[in-house]
Amino acid sequence: MDFFPPPRPRDEESGDEPEFARVPWESAPEDVIGGIVPLERVLARNDHLAIVATQAVAYEDGVEIRLRMRARRRPGMSREDWARVSRGVWGYDDDPWQLAAAEAAAAEGRHPDGLLRFGVRFADGCVVTTVDERDDGDEWPGPRPELPVLTLNEEGGGSSGENIDSEYALWLWPLPPPQLFELAVEWPLLDVGLTFTPLDGAEIAAAAARARPFWDD
């Protein structure tokens, strides 16, 4: 007799994995080659941090704005200041320093200084940000939003000595109108004040028209 009991027969119904269905306002499609618009725009820069929008990848139902962030320890920067920059860039969820700052900000009814925030201001004055709250309750994916949605996703990063490099992607849904609009960024912790950079919605719309699936079948 075997000491360890054999596994139970797999129940066919309970073993079925639910099929994942993409929600357009949450992320870019994975089965489509997006049209690309080179941006190469410096959104914010100081002596220890640079945030650059490298390109826009446009799809029929939205646009992904690729971001690259570079931080450095400048000559003469104290260990405490470099730790502040490093903590801000990496954004550790379990960092007691970050948690305490977030709790203090919440008590004052404001966003914590360590929160990297982006926004879009359209030509008609409509604004959407990455800190907007949607009343979806516990539903997923929830009802289709009535207003545009802007989502920030971290793509990865690394460090080498006293330099940090990280990449992010902003997903803007739906596709913006073919007009100029502004991309905003603010990050008080790392000395980035509210800054606006114009982007060409017409170029993005033209790129979206070039999007096509990886396969036709």
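Throughout, read-outs are computed from the coordinates displayed, never taken from laboratory work. Since this is a predicted model, take the numbers as computed values, not measurements. Virtual Cβ from ideal backbone geometry, glycine too; neighbours counted across all protein chains shown.
One table, with the values for the structure above:
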| item | result |
| --- | --- |
| Distance (nanometres) between label positions extended 7 Å along Cα→Cβ at LEU152 and ASP217 | 4.3 nm |
| For the stretch 44-54, Karplus couplings with θ = phi - 60° (6.51, -1.76, 1.60), whole Hz, Gly/Pro x | 7, 7, 9, 6, 10, 8, 9, 10, 10, 8, 7 |
| Ascending count of other beta-carbon atoms within 10 Å, so fewest first, for LEU115, LEU147 | LEU147, LEU115 |
| Residue (of PRO213, THR130, LEU194) at the positive-pole extreme of the stretch 112-217, dipole from beta-carbon charges | PRO213 |
